[in-house]
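The values are calculated or read from the model by the stated rules, or taken from the named source; none is laboratory data. A quick note: this is a predicted structure, and the numbers were derived from the prediction, not measured. Virtual Cβ from ideal backbone geometry, glycine too; neighbours counted across all protein chains shown.
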Amino acid sequence: MSALLGKKIGMTNVFSADGKLVPVTVLQVGPCVVTQVKTKEIDGYNALQLGFDEKPIEKLNKPMAGHLKKTSDKGFGVLREFIIDGSESIEAGATIGIDIFAVGDKVNISGISKGRGFQGTIKRHGFSRGPETHGCRNHRKPGSIGNSAWPARVIKGKKMPGHMGTDRKTVKNLTIVDIRHEDNLLLVKGPVPGFKTGILEVKKTDKK
């Protein structure tokens, strides 16, 4: 298994071995409990369902509580599936910890980006602004969005003002700078999607 669920704690700085200041994001990763094992013979594909963010099972609704009681006496606030190749022999109820990662590993981290509400084209898409002086009235407007004669409509996908954020984003090939095993903390170089306490998926890559 090469993936775990985690929670974003925040950002800080650490010094590398050569004395450079490195910006890192602190993640609380795992431990995760295998709540279901899916096989190709029964479900059509091989996958593990992991539970994270332990909570009293009494606070879950009856369908979720019944599902979790089959493999564990604990409740979880977050469940996610991860595809596996089928060669791994992991049973339901097993606990997977931060030990699957090592310092120097490359990871892909996925999460939901921060919501920014309704934004214009400058902030949402990086458009350039208009002139500020000489009577210009087009400071932050997007400008022309189509032609009148042909095709006489706005093309689908045109970059326009609208809702920004709350999208699933993935940052690839981040380097693990440090691991604090006693606190289940992972320090990765650079920023990751989402707000503090946001749930993240951390997947190990084959790159070194």
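Quick check, is Asn13 over 15 Å from the mean Cα position of the chain (by Cα), under 15 Å from Val188 (Cβ atoms) and either free of Cβ contacts under 8 Å to residues at least 24 places away in the same chain or not assigned by TED's automatic domain parsing to the domain that holds Asn173 (or both)?
Criteria met by Asn13.
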*Return yes when Gly19 is more than 21 Å from Lys106 (Cβ to Cβ), without any contact (Cβ under 8 Å) to a residue 12 or more places away in the chain and among the small types (Gly, Ala, Ser) and no when it is not.*
yes
_Here is a list: Ser144, Ser128, Ser113, Ser148. Which entry is surrounded by 15 or more Cβ atoms within 10 Å (Cβ to Cβ) and either more than 17 Å from Ala3 (Cα to Cα) or over 21 Å from the mean Cα position of the chain (by Cα) (or both)?_
Ser113
*Which condition number in (1) at pLDDT 90 or above; (2) in the same structural domain as Phe101 (by TED's automatic domain parsing) is the one that Met160 fails?*
(2)
*Report the residue count in the stretch 1-58 for those that are surrounded by fewer than 20 Cβ atoms within 10 Å (Cβ to Cβ) and among the small types (Gly, Ala, Ser).*
7
*Kindly check whether there is at least one residue in the stretch 58-76 that is touching a residue at least 12 places away in the same chain (Cβ under 8 Å) and under 17 Å from Gly111 (Cα atoms).*
no
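Does Met160 satisfy the condition of being of a type in the set (A, V, I, L, M), surrounded by 10 or more Cβ atoms within 10 Å (Cβ to Cβ) and in contact (Cβ under 8 Å) with a residue 40 or more places away in the chain?
no
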*Qualifying positions in the stretch 80-123 - on the phi > 0 side of the Ramachandran plot and free of Cβ contacts under 8 Å to residues at least 60 places away in the same chain*: Gly86, Gly117
_Selection within the stretch 78-96 - touching a helix residue (DSSP H, G or I) at 6+ places or on another chain (Cβ under 9 Å) and either at pLDDT 85 or above or not assigned by TED's automatic domain parsing to the domain that holds Pro31 (or both)_ = Leu79
*Which of the residues that make up the stretch 16-54 are at pLDDT 90 or above, farther than 21 Å from Lys203 by Cβ and under 23 Å from the mean Cα position of the chain (by Cα)?*
Val22, Pro23
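Every residue, every condition in (1) over 23 Å from the mean Cα position of the chain (by Cα); (2) in a helix (DSSP H, G or I); (3) over 19 Å from Ala47 (Cα atoms), yes or no:
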| site | (1), (2), (3) |
| --- | --- |
| Leu68 | yes, yes, no |
| Thr71 | yes, no, no |
| Gly77 | no, no, yes |
| Phe82 | no, no, no |
| Glu88 | yes, no, no |
